[in-house]
Amino acid sequence: MLAGGILFWIGAFWPPYKQWMTTDTKIYLSIVHDHKIAWYAIHIFFALGVVVSLFGVQSLANFLMGLHTNKLLVTVASSGYLLGSGFWLLNIAFRLTVTLWAGQQLADHASIPESFQTWMDWSNLIFAIYMVLAYLSIACIGFVLKDLEILPAWAVWFSIIFGLSGIVGYMVQFPLFAPPLMVHLPLMILGIIILIKI
């Protein structure tokens, strides 16, 4: 979970940064078109980060299944993150195909294809599903760990509160919970604590 979070954060902070800060679709597509290699690098790290984190979450879930704990919550946590990761990888596929295509069309014809907004709406939907499922998984992991009392209480409660707040916060578009890199923060913290305790 720690390694996955680090990989994801590398992608999030890979330059250029302006594409994440604009609401103007033309500017967004122009930046993507002008920095294609960086766009690929960003999304390679995003994909690696989620896949490695997925292995971490599944490993933790398998460990927790062997203990006397709430197996339903463990299943929701592991299945939710697994399903969410699939949606995230679909979103990356969209960004590396449709977004690059639209950027090329803008560069060639000075206009954005009419269908691009529909594709963007679809992409935003699957992104939202990933975010909600990931935050739900974090909250479930926290609740399971709370019952076991094997990790510090502050870290467990941080996971619970962050996960539940993330679900609501993302749905109301509270800025703290909108970037996908925030999903990895509690997972990284748990990963560090588990490493220390091992």
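The values are calculated or read from the model by the stated rules, or taken from the named source; none is laboratory data. A quick note: this is a predicted structure, and the numbers were derived from the prediction, not measured. Heads up, the Cβs are rebuilt from the backbone with ideal geometry, glycines too, and the neighbour counts pull from every protein chain shown.
General observations
- With respect to being farther than 30 Å from residue 146 by Cβ, part of a helix (DSSP H, G or I), out of contact with any Pro (no Cβ under 9 Å at 6 or more places or on another chain) and touching a residue at least 40 places away in the same chain (Cβ under 8 Å), residue 48 fits the description.
- Residue 63 touching a Phe, Trp or Tyr at 6+ places or on another chain (Cβ under 7 Å) and either surrounded by fewer than 14 Cβ atoms within 10 Å (Cβ to Cβ) or under 25 Å from residue 80 (Cβ atoms) (or both): no
- Against the list (1) within 18 Å of residue 119 (Cα to Cα); (2) surrounded by fewer than 18 Cβ atoms within 10 Å (Cβ to Cβ); (3) aromatic (Phe, Trp, Tyr), the condition residue 40 fails is (1).
- Qualifying residue in segment 90-110 (condition: small (Gly, Ala, Ser), over 18 Å from residue 32 (Cβ atoms) and part of a helix (DSSP H, G or I)): no
- When each of 79, 115, 53 is tested for being farther than 28 Å from residue 26 by Cα and without any contact (Cβ under 8 Å) to a residue 24 or more places away in the chain, the lone residue that passes is 79.
- Of all the residues in segment 53-105, those that are modelled with pLDDT under 95 and β-branched (Val, Ile, Thr) number 1.
- Contact map, segment 22-38: first residue touching a residue at least 12 places away in the same chain (Cβ under 8 Å), second residue of a type in the set (Gly, Ala, Ser) and surrounded by fewer than 15 Cβ atoms within 10 Å (Cβ to Cβ), Cβ cut-off under 8 Å, separation 6 or more or different chains; pairs are 30/107; 33/107.
- Within segment 57-99, if we keep just the residues that are of a type in the set (Val, Ile, Thr) and over 26 Å from residue 148 (Cα atoms), the residue that is nearest to the chain's Cα centre (by Cα) turns out to be 92.
- Within segment 125-145, one or more residues are free of Cβ contacts under 8 Å to residues at least 12 places away in the same chain, out of contact with any helix residue (DSSP H, G or I) (no Cβ under 6 Å at 6 or more places or on another chain) and not acidic (Asp, Glu).
- Within segment 118-158, the only residue that satisfies the criterion of being polar (S, T, N, Q), surrounded by fewer than 15 Cβ atoms within 10 Å (Cβ to Cβ) and under 24 Å from residue 40 (Cβ atoms) is 124.
- Residue 122 in a helix (DSSP H, G or I), closer than 21 Å to residue 92 by Cα, in contact with a helix residue (DSSP H, G or I) (Cβ under 9 Å, 6 or more places away or on another chain) and not small (Gly, Ala, Ser): yes
- Selection of first residues in segment 171-184 that are surrounded by 13 or more Cβ atoms within 10 Å (Cβ to Cβ) and of second residues that are at pLDDT 95 or above and of a type in the set (D, E, K, R), restricted to Cβ pairs under 8 Å at least 6 apart or on distinct chains, gives an empty result.
- Filter result (in contact with a Gly (Cβ under 8 Å, 6 or more places away or on another chain) and not aliphatic (A, V, I, L, M)) within segment 135-161: 135, 137, 140, 142, 157, 158, 159
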